[in-house]
Amino acid sequence: MRILVLVKEVPDTWGDRVLNLETGLADRGASDAVIDEIGERSLEVALSYADANPGTEVVVVMMAPESASGSVRKALAMGAASAVHVVDDALLGADLGLTAQTLAAAISRAGFDLVITGNQSTDGSGGVMAAMLAELLDVPSITSMNSVTITESEVSGERSVDGGSMTASAALPAVISITERLPDARFPNFKGIMAAKKKPVDTVSLADLGVTADDPDAARSIMIAVAQKPPRAAGVKVVDEGDAGVKLAEFLISNRLV
């Protein structure tokens, strides 16, 4: 079994997030960069299966600048056997289409039985990467899984739907995405941190993957405007002159809150 886990380096959710008003890109220097929590949970799913099934190989795949090498090593310290790090300046500001195309090429190059990713990242929040990858890789997918069971031939689990839940399964090879209902990730221990220094990292570029960032025939998103978030306006202050209840009710009704 060869499981590829997609992880992403994002600005720390506890830090400030700032957009560069000239490029429209997030200012990565405004906050510490960390592995997205949902990516760590995805890695935990793979590692838990590997713990119970010797011979399973867990490979981390990350598309990020060279500066993200520390996050790659952290994933290795958690227990992944190796990593694929896609590094290319042409990927700066890549949209979902180019990101999916690049990751699909990296996944195909590495080979896989199962690809695990989070349902959505905390910075882009696109929520479509698993489906896009499955389409490009021509394999089945199950998205937003709340539980995951992996066997030698299929992956299955429960996922939420409108008004309830459903059980879904897919034959391997497949792509799945998981939700925050999966367990928290393990912490790297000292042994894992030391071992991570010797684990292989395959650093590849777009040329290695046969992907062209400026392909005019490829559908790409275009940002036409970016603006700073307006300052928060003052709220409505209700002064009780004996009719505060009426004023509150009118406010709620006028804003369709009741």
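The single condition from (1) in contact with a helix residue (DSSP H, G or I) (Cβ under 9 Å, 6 or more places away or on another chain); (2) at pLDDT 95 or above that ALA64 fails is (2).
Screening the candidates ASP123, ASP95, ASP113, ASP88 for the property of being open to solvent by 40 Å² or more (accessible area, probe 1.4 Å), within 17 Å of the chain's Cα centre (by Cα) and of a type in the set (Asp, Glu) yields one hit, ASP123. The condition of being among the hydroxyl-bearing types (Ser, Thr, Tyr), in contact with a Lys or Arg (Cβ under 9 Å, 6 or more places away or on another chain) and not in a strand (DSSP E or B) holds for SER147. Looking across the stretch 128-140, the residues that are part of a loop (DSSP other than H, G, I, E, B) and either in contact (Cβ under 8 Å) with a residue 60 or more places away in the chain or open to solvent by 50 Å² or more (accessible area, probe 1.4 Å) (or both) come down to VAL128, ASP138, PRO140. Against the conditions (1) under 30 Å from MET145 (Cβ atoms); (2) of a type outside the set (Asp, Glu); (3) at pLDDT 85 or above, SER221 satisfies every one except (3).
Quick check, is ASP214 within 25 Å of the chain's Cα centre (by Cα) and open to solvent by 100 Å² or more (accessible area, probe 1.4 Å)? Steps first, please.
Values: within 25 Å of the chain's Cα centre (by Cα): yes; open to solvent by 100 Å² or more (accessible area, probe 1.4 Å): yes.
Against the criterion (within 25 Å of the chain's Cα centre (by Cα) and open to solvent by 100 Å² or more (accessible area, probe 1.4 Å)), ASP214 qualifies.
So for the stretch 141-162 (the condition being in contact (Cβ under 8 Å) with a residue 24 or more places away in the chain, within 19 Å of VAL60 (Cα to Cα), open to solvent by less than 30 Å² (accessible area, probe 1.4 Å) and within 14 Å of the chain's Cα centre (by Cα)), does at least one residue qualify? No; the residues of the stretch 141-162 include none that is in contact (Cβ under 8 Å) with a residue 24 or more places away in the chain, within 19 Å of VAL60 (Cα to Cα), open to solvent by less than 30 Å² (accessible area, probe 1.4 Å) and within 14 Å of the chain's Cα centre (by Cα). Hey, any hits in the stretch 166-173 for a residue that's assigned to a loop (DSSP other than H, G, I, E, B), among the hydrophobic types (A, V, I, L, M, F, W, C), open to solvent by less than 60 Å² (accessible area, probe 1.4 Å) and over 30 Å from GLU22 (Cα atoms)? Yes, the stretch 166-173 contains at least one residue that is assigned to a loop (DSSP other than H, G, I, E, B), among the hydrophobic types (A, V, I, L, M, F, W, C), open to solvent by less than 60 Å² (accessible area, probe 1.4 Å) and over 30 Å from GLU22 (Cα atoms).
Residues that are in contact (Cβ under 8 Å) with a residue 40 or more places away in the chain, touching a Gly at 6+ places or on another chain (Cβ under 7 Å) and polar (S, T, N, Q): does the stretch 177-199 have at least one? The answer is yes, given that some residue of the stretch 177-199 is in contact (Cβ under 8 Å) with a residue 40 or more places away in the chain, touching a Gly at 6+ places or on another chain (Cβ under 7 Å) and polar (S, T, N, Q).
Of all the criteria given as (1) under 14 Å from VAL204 (Cα atoms); (2) in a helix (DSSP H, G or I), the one not satisfied by VAL61 is (2).
The values are calculated or read from the model by the stated rules, or taken from the named source; none is laboratory data. Please read these numbers as outputs of a predicted model, since none were measured by experiment. Virtual Cβ from ideal backbone geometry, glycine too; neighbours counted across all protein chains shown. Note: accessible area is taken over every heavy atom of the protein model, side chains too, but ligands, DNA and RNA are not part of it. Shrake-Rupley method; radii C 1.70, N 1.55, O 1.52, S 1.80 Å.
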